Amino acid sequence: MINKIYGSFEEVVADIPDGAVIMMGGFAGPGGFPLNLCRALHKKGVKDLTLIANTAGGLGLTLDFDDHRILFEAKQVKKVIASFPFSTSPSNPTPCEKQVASGEVELELVPQGTLAERIRAGGYGIGAFFTPTGAGTIIEKGKEKRIIKVGRCSSNLPSRLTLPS
C-alpha cells in the first residue's frame, strides 16, 4: 500500500514540475481552500502553471488570505481556467486580471456549470460532452453545431436539441 502521509506540505509538492496543471478547490474564501498547499507551491517557485479553479484569487469578497493571488503575484501562472477570475470591483483589479489584460496570462473563461461538468467528465474518463451554453446567442457564432436526437425520457427536454460544440 502507498503511504499517503507526508511530513510537510513541501514534501507534497516536491515532484510538481514547471508547466503542471493544478486544480484547486475553494470559492472566494478561506473555507475549503488548500491554503497550505498553495503556499507550498508558491514557496517551491514552480513556473508556467495552468490553474483550474472557480476563482483566480484576490477577489475581495472575504477576508484577505494567501489564495491563488500569491501564485499570480509571483508570476507562476501562465494560464487560468476559471468561472470568476476577476475582482467584483473594477477599481480594484486582481493580479490575475492585470496579467490577463497585459497578455502575460492566458484566460479560458468557462461558465461554472460547464466547468463542473468538465471536471466530472474528466474524472470519469469521458472525452467530450455537449452543452447548450450559448446556443442561440452571439457566443455560438463560428462554432460547430449539432442536432442531437434525444431519446424518450421523463424530462421536459424537447425531442431535438441544437447544441454548440
The exposure ranking of R69, R146, fewest beta-carbon neighbours within 10 Å first, is R146, R69
Taking a straight Cα-to-Cα line shorter than 28 Å from K44, and setting aside same-chain lysines fewer than 8 residues away, one finds K4, K75, K78, K79, K98
Per DSSP, the loop-located GluC sites (Glu not before Pro) within region 37-129 having at most 15 other beta carbons within 10 Å are E104
Under Stokes-Einstein, region 1-151 at 10 °C and 1.306 mPa s, with its Kirkwood radius over C-alpha pairs, diffuses with a coefficient in µm²/s of 93 µm²/s
Subtracting the Cα-Cα distance of I139 and V12 from 0.36 nm times their residue separation yields 41.7 nm
So the FRET efficiency between K4 and Q112, C-beta based with R0 = 35 Å and rounded to 0.05, is 0.70
Expected sort for Y124, Y6 with the fewest Cβ neighbours (10 Å cutoff) up front is Y124, Y6
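Throughout, read-outs are computed from the coordinates displayed, never taken from laboratory work. The model shown is predicted, which means the values in this text are computed figures rather than measured ones. So basically every Cβ, Gly included, is an ideal-geometry build from the backbone, and we count neighbours across all protein chains shown.
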